[in-house]
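Below is one structure, written out as C-alpha cells, with a few remarks after it.
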Amino acid sequence: MAYCPLEVTIEDGRAVRALGNKASPIYGGFSCPKGRAIPELMNDPSRLLHSRIRRPDGSYAPIRSDDLIDDVADRLGRIIAEHGPQSVAVYAGGGAYEHQATGAIRSAFMQSIGSSLVFTPATIDQPGQMIARALHGDWRGGRMRSSTWEAYLMVGGNPVISKQYFGQNPGQQLKRVFNEQAKLIVVDPRRTETARRAHVHLQVIPGEDATVIAGLIHLVIAADHVDQTFVDENASGFAALRDSVSRYTPAYVAARAGVDEAGLREAARILGEARSADYASGTGPAMAPRGNLTCYLISCLQTIRGHWARAGDEAARPSVLRPPKTFRAEPAAPRQAWGFGHQFQNGMRESVCGLPVSALPNEILTPGPSQIRALFMHGGAMMSWPEQELTLRAFKNLELLVVPDNEMSATARVATHVVAVKTQLEVPVMSQHPEIVSSVHDGYGWEDPYGAYGPTLVDPPEGADVIEPWQIYYRIAARLGLPLSMPAAPSGEYKLAAGGAAAVAMRLIPLDAEPTTDDIYEWMCAGSRIPLAEVKRYPEGHVFEEAREIVQPRRPECTDRLEIGNPDMLDELAAIRAEEVTQAHGAEDGQPLLLIPRRMQNVTNAHRERSRESLHIVINPAFMNPSDMAAHGVRADDLISIKSRHGEITGVVAEDRDLRPGVLAMTHSFGRNPGEASDPRRDGANTNRLLSMTEGADPYSGIPLMGAVPIQVTKVASSPS
Ligand SMILES: Nc1nc2c(c(=O)[nH]1)N[C@H]1C(S)=C(S)[C@@H](COP(=O)(O)OP(=O)(O)OC[C@H]3O[C@@H](n4cnc5c(=O)[nH]c(N)nc54)[C@H](O)[C@@H]3O)O[C@H]1N2
Ligand SMILES: Nc1nc2c(c(=O)[nH]1)N[C@H]1C(S)=C(S)[C@@H](COP(=O)(O)OP(=O)(O)OC[C@H]3O[C@@H](n4cnc5c(=O)[nH]c(N)nc54)[C@H](O)[C@@H]3O)O[C@H]1N2
Ligand SMILES: [Mo]
C-alpha cells in the first residue's frame, strides 16, 4: 500500500533483486524489507503455480485453471438458479491489493448476477473514521499541507512501521516535518518508533482515547484557543460540545486515562497555539471500545481549531489518476452514517463503512432463504478475522469457497477451489488504488500530485498456470453469458458496497475477446485528471505540477455546516463520565491485563507463510512490560497461556520496556487453523482466537472488539535455553 518505486534486476527472465528506485521522486530511494523480498517470494519453491480443487477426502488435487473455472461456473450457476443471487458473496480483502483490475471486474460481475453482498475489511479495520466523517461532515477544502504544520496529533498509529499516513519514506518524512518545523503529539500505550520522535507522548490506557481527546477539547476551550470565526461560520453544536467536555478536567482525564497531566496540558497548548496542524488516528483506538467516539472527537477538535485548508491554500491530495476534484473552503453536511441498506439476520445493517464482516459467518451458518452459500475470498480470513473457530465453522458450511492465492495459506487450506494467481512484477501496476482509498482514509495516497505506472516485468515461472483474480470473474461471466459493464466515466465518489446501481453511463465489456489488464486500467482511468497514457511516459513516477489545485472560496449558496454536537456521540461521552473510574478499564476480575494490536515491520497481515525465512519473521511474540513479567513470574522466551472470555492461546513472551504496564501487545494473523498441529515457537499464535465476532461488537459499524481486550496470563513452560 505504500507503493514504493522499485528498481528490479532481471536475469534470464527472472527477477533476482529489488531495491528502492533512487531515480523516483518523493521516495528518496526508500523501500522496506517486504518490497525488497518480492523476488525471493515469487521464486520461492512453495509458491502455488497450479490451481487446486478439494477432493471429497479433504485433500487437494492440482487442476488446470480452465477446468477449475468451468467447475466453479457450473456450481455457481446452479447455486444462483436454486437460491438466488444473494446466496453469493465476496470478501474484497487485502489479498487483492496487488491486482487493481479485480475491483472493477468483480463489481461488474456482482451487479450482473444481482448480488449486493460485497464485504471489505473496512469494518474490521478503522470504521470509526468513516462513521465520524459521516456524523461530522467533510471539509471540501481538505486537510492542511504538511509543509505548513506546526503540530500533528497521532492517536494510536505507528507510521514508521505501518507506513499509514507517512507512506513515502516515513523516517525521512518524520524527520523533515518534526525535527524543527512541527511538534508531534502521540497517544499510544506503547512508546513506539513514532512516539520516540514525539514532543509529547501520552501513554494512554488502551481504550481511553475518547477521554483524552475530550480532555484536550476541554483545555483548548478553557484556554480560549477556539477559532471562533471558523466555528461560527462553519459548524453547529459548539455549545453542546463545550458542555459535554466540561467535566473532562485535566485531573480527571489524567487519573482515568493514566496519562501525565502536565503532558496533557502541554499537548493542548501545542494544538491550541498552532496556526496549522493535522490530526490522525490508526488501528489502535479503532479496535478498542468507542472507536467511533474517539474519531468523532478528533474531528471536533480539529474543527474548533479551524485546522482545515482555507481558500487560496494549495490543496493536499489532488487527483491524478482519478477524475478532477474541486477543493472548496466550505463544509459538506453530515450524512446518515449507519442503519441502511441490506438487513442481516442478526439485525445488523449497512453503514458508511459498508457491510459488516461480523455479520457474515452467521449468514453462512443460518439456514434459510437468505443463506450465503458461495464466497469469493480475497484475503486471509482464517488468520485475519476475529473468532477463528467461528470462521472455520462458517467456511466448512459453504458449498463454494473460491480463494485466489499464491500459497496454500491457512485460508486456501479450507477452500473448495484455490486459484493460483500471478503476483507483483507479473502484472502491471498503477497508482490509482491508493488515490481511491484516500477518499475514505486520509492515511493513503499522495499529498502532491504524484502518479506512477509500472509495466509487467517478468513472466510467471515456466510451466506455471497462473491467472489474475479479475480473470476468475470475467471467465465465469463469459461461460455463463453474464453481461459485464463498468461505469464509462468513473465518478470521484468511492463506494464500499456494491448496492444501489446508479444511473450512470456504462461501458459494456466485451465477452468474446478477453481484454488485457492494461485495457481495464485504461477504462478505470477514463476521465482521469492526468490521462494514464501521460503517466506511462514517466517510468520512474512523476509529480504532475499541472495537477496541483488551489482551494476555492466558499460558494455563496452553500449552507452546509459541520456538526460538532452530535447527540449520539455526546450521549456516549456522558455515559463514560458517569461510569465509576475503578471499573472503567474493562479489566475484569482475574483478567488484569489488556491485549492490544500492533504491527511489525517485516510482515503484512496474513501475508506470511512464504515470507517467513527471507524476512526473518519467526513468530508474533507476546510483548510485555518487564514489571508485568516479574509479577507473572515469567521471563523472555517462556511460554504463557493467554486467556480471554472467548478463548485461549499459547504465546511466547518477549520483553518490551516501551509498553505501558498492564498491557500485552501482540500482532494478528499468526498461528495455524483450528485442528492443525501447531507449535507456538514455530507458528506463533492467533490472537483472533481471543476475540468474539459479535459480543461487544460496535452497533453501528459492526467492528468486533479487537483491542483493549481483558486477558489473563499464566506461565506454561520455561524458555528452553
Ligand atoms: N486481531 C486482529 N485482527 C485483524 C487486525 C488486527 O490488528 N488485529 N487487522 C485487521 C485489518 S486492519 C485488516 S485490513 C485485515 C486484513 O486482513 P485480510 O483482508 O484478510 O487481508 P490480508 O491478510 O492482507 O490478506 C492476505 C492474504 O490474501 C490471500 N490472497 C488472496 N489473493 C491474493 C493475491 O492475489 N495475492 C496474494 N499475495 N495473496 C492473496 C493470501 O492468502 C494472503 O495471505 O485484518 C484485520 N484483522
Ligand atoms: N509492516 C506492516 N505495515 C502495515 C500492515 C502490517 O501488517 N505490517 N498493515 C497495514 C494495514 S491493513 C493497516 S490498517 C495499517 C494500520 O496502521 P497503524 O494503525 O499505524 O498500525 P499499527 O502499527 O499497528 O499501529 C497501531 C498502534 O496503536 C497502538 N494501540 C493499540 N491499542 C491502542 C489504544 O487503545 N489506544 C491507542 N491510542 N493506541 C493503541 C499500538 O500500540 C500501535 O502502536 O498498517 C498497514 N501497514
Ligand atoms: Mo487494515
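The values are calculated or read from the model by the stated rules, or taken from the named source; none is laboratory data. What you are looking at is a predicted structure, and each value in this text was computed from that prediction instead of being measured. As a convention, Cβ positions derive from the backbone with ideal geometry for all residues, glycine included, and neighbour counts pool all protein chains shown. Heavy atoms of the whole protein, side chains included, go into the accessibility calculation; ligands, DNA and RNA do not. Shrake-Rupley method; radii C 1.70, N 1.55, O 1.52, S 1.80 Å.
The accessible area of Val226, taken with all protein chains in place and a 1.4 Å probe, comes to roughly 20 Å².
Ranking Ala81, Ser46, Ala23 by how far each Cα lies toward the positive end of the dipole of region 2-149 (charges on Cβ) leaves Ala23 at the top. P(r) for region 18-60, from all Cα pairs and a bin width of 10 Å, is 23, 29, 20, 17, 9, 2 %, short bins first.
Computed over protein heavy atoms with a 1.4 Å probe, the carbon and sulfur contribution to the accessible area of the chain reaches 49%.
In units of the compact-protein estimate 2.2 N^0.38 Å, region 433-485 shows a Cα radius of gyration of 1.71. Across region 117-252, the relative contact order, built from alpha-carbon pairs under 8 Å that are at least six residues apart, equals 16 percent. In terms of its C-alpha gyration tensor, region 103-156 has a prolate overall shape, because the principal axis ratio a/c (a ≥ b ≥ c, square roots of the eigenvalues) is not below 1.5 and a/b outweighs b/c. A simple rule links phi to the HN-Hα coupling: the Karplus curve 6.51 cos²θ - 1.76 cosθ + 1.60 with θ = phi - 60°, which for region 130-136 gives 6, 4, 4, 4, 5, 6, 8 Hz, with x for Gly and Pro.
One decimal place: the segment Ala630-Ala533 gains 28.8 nm when fully extended, by the rule 0.36 nm per residue minus the C-alpha distance.
Using only Cα atoms, locate the centre of region 12-67 and the centre of region 513-555, then give the distance between them in Å, rounded to an integer. After rounding, the separation between the Cα centres reads 27 Å. Placing +1 on each Lys and Arg Cβ and -1 on each Asp and Glu Cβ, with no other charges, gives region 276-400 a dipole about its Cα centre of roughly 220 debye.
Counting only residues at least eight positions apart within a chain, or on another chain, the lysines with an alpha carbon under 18 Å from that of Lys422 are Lys34. Considering all C-alpha pairs of region 525-573, those separated by over 13 Å amount to 74%.
When all protein chains stay in place and ligands, DNA and RNA are ignored, the 1.4 Å accessible-area order of Leu508, Leu690, largest first, is Leu508, Leu690.
Using a probe of 1.4 Å, the accessible surface attributed to Asp44 totals some 40 Å² when neighbouring protein chains are kept in position. Less than 5 angstrom separates the built amide H of Lys422 from those of Ile467, Glu468, all sequence-distant by 5 or more or on a different chain. Taking 0.36 nm per residue of separation and subtracting the Cα-Cα distance, full extension of the segment from Glu522 to Glu150 would add 129.9 nm.
Where the alpha-carbon atoms of region 309-417 are placed on the principal axes, they occupy 57, 36, 23 Å, in descending order. Average projection, convex hull of the Cα set of the chain: 30.0 square nanometres. When region 237-378 is described by a simple charge dipole with +1 on each Lys and Arg Cβ and -1 on each Asp and Glu Cβ, the residue from Ala267, Gly284, Ala309 located farthest towards its positive end is Ala309.
Which FRET efficiency value, to the nearest 0.05, do you get for Ala255 and Arg196 by plugging their Cβ-Cβ distance into 1/(1 + (r/R0)^6) with R0 = 22 Å? After rounding, the FRET efficiency stands at 0.25.
Dipole size of the chain about its Cα centre, with +1 on Lys/Arg Cβ and -1 on Asp/Glu Cβ: approximately 440 debye, rounded to the nearest 20. Mean separation of Cα pairs under 8 Å and 6 or more residues apart, divided by the residue count, gives the chain a relative contact order of 20 percent. Taking the empirical scaling 2.2 N^0.38 Å for compact globular proteins as reference, region 358-488 has a Cα radius of gyration ratio of 1.27. Average 1/r across all pairs of distinct alpha carbons in region 433-571, invert it, and you get the Kirkwood radius: 19.2 Å. To the nearest 10, the accessible area of Glu82 is 140 Å² with a 1.4 Å probe. Here the 3J(HN,Hα) profile of region 77-93, calculated from phi with Karplus coefficients 6.51, -1.76 and 1.60 at θ = phi - 60°, is x, 5, 4, 5, 4, 7, 10, x, x, 6, 8, 10, 10, 10, 10, 8, x Hz, Gly and Pro shown as x.
Residue separation of Arg247 and Glu273 scaled by 0.36 nm, minus their Cα-Cα distance, works out to 7.1 nm of gained length. Placing +1 on each Lys and Arg Cβ and -1 on each Asp and Glu Cβ, with no other charges, gives region 191-312 a dipole about its Cα centre of roughly 220 debye. When Ser692, Ser112 are compared by accessible area of protein heavy atoms, the largest-first order is Ser112, Ser692, using a 1.4 Å probe.
For Arg479, Arg256, give me the order by solvent-accessible area with a 1.4 Å probe, most accessible first, ignoring ligands, DNA and RNA.
Arg479, Arg256
Each residue, Asn43 and Asp571, gets one label point 7 Å from its Cα in the Cβ direction; the gap between the two is 6.1 nm. So, for the chain, what is the accessible surface per residue at a probe of 1.4 Å, expressed in square angstrom? The answer is 38 Å² per residue. For region 32-102, the alpha carbon convex hull comes to 153 Å³ per residue, rounded to a whole number. With each label modelled as a point 7 angstrom along the Cα→C-beta vector, the Ala239-Arg681 pair spans 6.7 nm. Reducing region 78-126 and region 348-427 to their Cα centroids gives an inter-centroid distance of 10 Å. In the calculated pair-distance distribution of region 288-348, the portion above 14 angstrom amounts to 76 percent of the Cα-Cα pairs. Each residue of region 38-51 is assigned a 3J(HN,Hα), and the resulting list reads 3, x, 5, 5, 6, 9, 5, x, 8, 5, 7, 10, 9, 5 Hz, derived from the Karplus form 6.51 cos²θ - 1.76 cosθ + 1.60 (θ = phi - 60°), x at Gly and Pro. Simple rule: put +1 on each Lys or Arg Cβ and -1 on each Asp or Glu Cβ in the chain, find the dipole, and look at Val155, Met486, Gly451; the Cα lying farthest toward the positive end is Val155.
Translational diffusion of region 529-686, estimated by Stokes-Einstein from the Kirkwood radius over alpha carbon pairs at 10 °C in a medium of 1.306 mPa s, is 76 µm² per second. Using alpha carbons only, the radius of gyration of region 358-402 set against its Kirkwood radius gives Rg/Rh = 0.93.
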